[in-house]
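Structure first, commentary second.
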Amino acid sequence: MLIEFKSDGGIAYFPGLNRSKLINTDSLNNEDSMKVKELVQKCRFFSISYNEVPQRGADRKTYTITITDGDNKNTIRVSDPVEDEALAELIGFLNKLSKKV
Amino acid sequence: MCNNHDPNHRHSIHCILSPHILRSIVKNGSPEQRQKAITTLANDSTFRALRNFTNATLAGTGPVTMISPGKKQRTIIDAKNLQSTEGKIVRFEGDPATDDPAVNEAYDGLGVTYDFFWNIFERHSIDDEGMPLQGIVHFGKEYNNAFWDGQKMTFGDGDDDLFKRFTISLDVIGHELAHGVTEDEAGLVYFNQAGALNESMSDVFGSMVKQYKLNQTSDKADWLIGAELLSDKINGKALRSMSDPGSAYDDPVLGKDPQPKHMDAFVNTFEDNGGVHINSGIPNRAFYLAATSIGGFSWERAGKIWYETLKDARLRANTGFKRFANLTVYNAVRLFGQGSVEEQAVQNAWNEVGIKTSVKEPLQYAH
Ligand SMILES: [Zn+2]
Ligand SMILES: [Zn+2]
């Protein structure tokens, strides 16, 4: 499973954190790999569709995620607050993983 | 929300609800009433909505007490590490401190920010019409951010690895509340130069709130945004520096602070809504230069000029740096006179960041 994760915006722009990160589950340790696959499944990533630009507010983060897994591929874009808790959980974990990538 | 952008407009005194009534709904209302109160707050937090809601809910329970402007109305909600906007009200206006530092910092920080706007500019909350202040704490899991969603100020706990909790810096709380003020007065589009001005306004007011709390003159202030926020692992001192943009951090994980301090280094980018948190360094530094050159407390003169500019009808939603700079000069002249120390300081400040101003130009703008 190949995950492209980009977090943009927030109260400050950090060049190091806003880079697009490529996560290949094959190169993760077993625990992280299992966890991320579980979260992708839990939020039904390949059947959700988000492409939202909030009309009001400031300092929100926007997340762009593309996941490819065999024949399955989907891209979503979503901004804070991510009210879909299963998706929020995936984003939280990708945030964590992307610090290591 | 206020749509009257006449610079001389003052809001009429609205009768607003007593905090006692709201508190009694939250504390003693039925679960349905309580939920409805929270939903009402979440969807339309103006007192108009609250009044309608309360009159409907409490019909026949006696007269509604009125209070006057100058009174703040804070509600702190614990999101319990979810991203949902519903949550538990953990501290209401007048309630004693809790044992949760994030709750107390949000409550106190919103309070100081309200007091700053009221005592210095006679502004009655975000919309100058007494809008209740809602702070959400413990938003998300290890969430490294704070934001304004158009109605509420939301703060994450930080991951404790790169960042501490986002309520820890008073100027960050002031920054978020000020986004509401800017949205109400000018509606500066959150993109490119107008967006960078929107960001800069929040840093300017956020920093002044901190200076106000510390009773600091502009020469004593650190002019940093979020100085308390970075963990010890980060090589840096803050999110941004208004006095020396680009110097706040240089770290293997965060990267290097990308803020320019002069138009020569203006960053053209599609990232970050067109660099709103990047190019804000330029107007931030202009404010710092104006305030320190004038001297004294930043809010007395430079802050007054910036605030009056924010309320100026000619500050359009898509205003760029040059037009904004001209309007600050115009307002410096209007408030302190042609050729005044203040006008000179403001002109010089913009000059130093690479923006040539003209006092004649804004006078020709259509009102
Ligand atoms: Zn901001
Ligand atoms: Zn008004």
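The values are calculated or read from the model by the stated rules, or taken from the named source; none is laboratory data. Predicted model, so just to flag it, every value in this text is computed and none were measured. Every residue, glycine as well, gets a Cβ built from its backbone with ideal geometry; the counts of neighbours run over all protein chains shown. SASA here: full protein model, heavy atoms, side chains in, ligands and nucleic acids out. Shrake-Rupley method; radii C 1.70, N 1.55, O 1.52, S 1.80 Å.
Of all residues in the stretch B:145-162 being part of a strand (DSSP E or B), more than 8 Å from chain A (Cβ to nearest Cβ) and of a type outside the set (A, V, I, L, M), which is nearest to the chain's Cα centre (by Cα)? Across the stretch B:145-162, the extreme among qualifying residues is B:Phe155. Exactly one residue out of A:Ile11, A:Ile48 is among the β-branched types (Val, Ile, Thr), within 14 Å of chain B (Cβ to nearest Cβ) and within 28 Å of B:Trp148 (Cβ to Cβ), and it is A:Ile11.
The condition (being among the acidic types (Asp, Glu) and touching a helix residue (DSSP H, G or I) at 6+ places or on another chain (Cβ under 6 Å)) is satisfied by just one residue among B:Glu300, B:Glu308: B:Glu308. Among the residues of the stretch B:66-96, those identified as among the small types (Gly, Ala, Ser) and open to solvent by 20 Å² or more (accessible area, probe 1.4 Å) are B:Ser68, B:Gly70, B:Ser84, B:Gly87, B:Gly94. Evaluate the stretch B:203-217: report whether one residue or more is among the polar types (S, T, N, Q), within 13 Å of another protein chain (Cβ to nearest Cβ) and open to solvent by less than 60 Å² (accessible area, probe 1.4 Å). For the stretch B:203-217, residues among the polar types (S, T, N, Q), within 13 Å of another protein chain (Cβ to nearest Cβ) and open to solvent by less than 60 Å² (accessible area, probe 1.4 Å): absent. Of the residues making up the stretch B:186-202, just one is more than 13 Å from ligand 1 (Cβ to nearest atom), crowded, with 23+ Cβ neighbours inside 10 Å and under 14 Å from the mean Cα position of the chain (by Cα), namely B:Ala186. Taking strands (runs of 3 or more DSSP E) as the structural unit, those lying wholly within the stretch A:20-101 and holding at least 1 residues that are without any contact (Cβ under 8 Å) to a residue 12 or more places away in the chain and either surrounded by 14 or more Cβ atoms within 10 Å (Cβ to Cβ) or away from ligand 2 (no atom under 16 Å from the Cβ) (or both) correspond to A:72-79. The residues listed here are B:Ala291, B:Ala221, B:Ala248; of these, the one that is more than 29 Å from A:Ser7 (Cβ to Cβ) and open to solvent by less than 10 Å² (accessible area, probe 1.4 Å) is B:Ala291.
When only residues in the stretch B:140-151 that are surrounded by 24 or more Cβ atoms within 10 Å (Cβ to Cβ) and under 24 Å from B:Ser125 (Cβ atoms) count, which is nearest to ligand 2 (Cβ to nearest atom)? The qualifying residue nearest to ligand 2 (Cβ to nearest atom) is B:Trp148.
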